[in-house]
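The values are calculated or read from the model by the stated rules, or taken from the named source; none is laboratory data. If you're wondering where the values come from, they're calculated on a predicted model, not measured in any experiment. Positions of Cβ are backbone-derived with ideal geometry, glycine not excepted, and every protein chain shown enters the neighbour counts. Heads up: the accessible areas ignore ligands, DNA and RNA and are worked out on the full protein's heavy atoms, side chains in. Shrake-Rupley method; radii C 1.70, N 1.55, O 1.52, S 1.80 Å.
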Amino acid sequence: MELNTVWFFIIAFLFTGFFILEGFDFGVGMLLPFLGKTDLKRRIIINTIGPHWDGNEVWLITAGGSIFAAFPEWYATLFSGFYLPLFLILIALILRGVSFDFRNKSENPNWRTFWDWMIFTGSILPALLMGVAFSNFVRGVPLNESLHYIGGFWNLLNGYAILGGVTVLLMFLMHGAAFLTIKISGELEEEARKVVNKVWLPLLVALGGFVIASYSATDIMDKPLNLILAIVLMAVTVAIGWMTRIRKMSWVFILTTVAILLFSAFIFSGLFPRLLVSSTNPAWSLTIDNAAADVYSLRIMTIVAGIFMPLVLLYEGWTFWVFRKRISEKVSQEKLVY
């Protein structure tokens, strides 16, 4: 396997890890103002993701750095053509990050409510915009013969991309609610289960619509593998509804994780060997060949990744093991970090 192919799969792995891990973070953040009826409940909700959110965002930073080093042409085109959406994602993530600490700088209810809504905003915007961005990757954007983006911001807000953004948002929302059901005991656990039950049908409809739209708006359904992935993804989503109904919430969280993995595989499988499809001329698409760095750079990066990626995975697994216990609603405020 050539190194540019290896790095395509490494980047796909990093984004998939980010979608799975930060996905429940975003979902929890979106639910915070609605499930947290009291300050104690909001603090309990925040503490379920408190030990993980900053580590989970490292996956996005690593993925972005990998694009810059392995496929510099892809990076340059993305950060010129997708500048405004990426800027909004960055601002939202910054607001979200500081909100976790700033909300406890004062006991004023208005102060805490403001930062809680910043957590909500910093969760919903990236979820929506990332879905829009990756949908545009496979649908295609206007590129010229020099592989430069020649469209505007409104080119990115097409029906297919918006549907993809809504689908990803609902998927993360369900993933976050399922995470809460296995991390909290008491009234909040039941409320989170009800959210999963309410979001399930809209997600099933949006996901089905996105798969159907992929037939007409893209060429990714021409691949037999993607047809299989779409069928399995829909089956897993149906199973989520059933498992929620019989209250097997650990299985629901496992299945939402699998659903995000399958959705990510669906997108990246449809892209390969392209990185960004050109809607003006298919020959002008960015690919793993015309956007890749030189072989020497890829070789050095592969060695470094082979050494450090297993260490990062071990550390990530260790943090989830250490903070594996549920948080009871009877916990005292003094025992909560956030």
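Couple of notes before you dig in:
- Here's how it looks for Leu276: its modeled amide H is under 5 Å from those of Leu286, which are all 5 or more places away or on a different chain.
- Rolling a 1.4 Å probe over the protein heavy atoms of the chain, with every protein chain left in place, gives an accessible area that is 70 percent carbon and sulfur.
- Placing pseudo-labels 7 Å out from each Cα toward the beta carbon at Val232 and Val295 gives an inter-label distance of 3.4 nm.
- Secondary-structure-derived ellipticity at 222 nm for the chain, considering helices only, amounts to -26000 deg cm²/dmol, per-run term -39500 (n - 2.57) for DSSP H runs with n ≥ 4.
- Close amide-amide hydrogen proximity is noted between Ile184 and Ile327, each under 5 Å apart and 5 or more residues distant or on a separate chain (H modeled in the peptide plane; Pro and chain starts excluded).
- When Trp242, Trp115 are compared by accessible area of protein heavy atoms, the largest-first order is Trp242, Trp115, using a 1.4 Å probe.
- Label zone at Asn104, where the point sits 7 Å out along the Cα-to-Cβ direction: the stretch 116-147 residues whose backbone N lies under 15 Å: 116
- Anisotropy class of the stretch 108-254 from Cα gyration tensor, a/c 1.5 cut: oblate
- Dipole in debye (nearest 20) - the chain, about Cα centre, beta carbon charges: Lys, Arg +1; Asp, Glu -1: 1200 debye
- Cα-based shape type of the stretch 140-206, given that a ≥ b ≥ c are square roots of the gyration tensor eigenvalues and the cut on a/c is 1.5: prolate
- Ranked from largest, the principal axis spans of the Cα set of the stretch 54-150 equal 57, 23, 17 Å.
- Sequence of Ser279, Ser185 from largest to smallest accessible area, 1.4 Å probe: Ser279, Ser185
- Solvent-accessible surface of protein heavy atoms, probed at 1.4 angstrom with all chains present, puts Glu107, Glu191 in the order Glu107, Glu191, largest first.
- Solvent-accessible heavy-atom area per residue, rounded to whole Å², over the chain at 1.4 Å: 45 Å²
- Beyond 32 Å in Cα-Cα separation lie the following of the pairs Lys105/Lys198; Lys105/Lys330; Lys198/Lys330; Lys223/Lys248; Lys37/Lys325; Lys37/Lys248: Lys105/Lys198; Lys223/Lys248.
- Hydrodynamic radius (Kirkwood) for the stretch 218-326, which is based on Cα pairs only, to one decimal in Å: 17.5 Å
- Entry note, the stretch 59-135: relative contact order of 30 percent, from Cα contacts under 8 Å with a spacing of 6+ residues.
- Cα→Cβ-extended label distance, 7 Å offset, between Thr113 and Trp318, nm: 4.3 nm
- Kyte-Doolittle mean at least -0.5 and Cα axial length at least 27 Å: DSSP H helices in the chain: 3-35, 83-102, 109-139, 159-183, 187-217, 224-245, 249-271, 295-322
- Gyration tensor (alpha-carbon) shape descriptor, the stretch 238-281, a/c threshold 1.5: prolate
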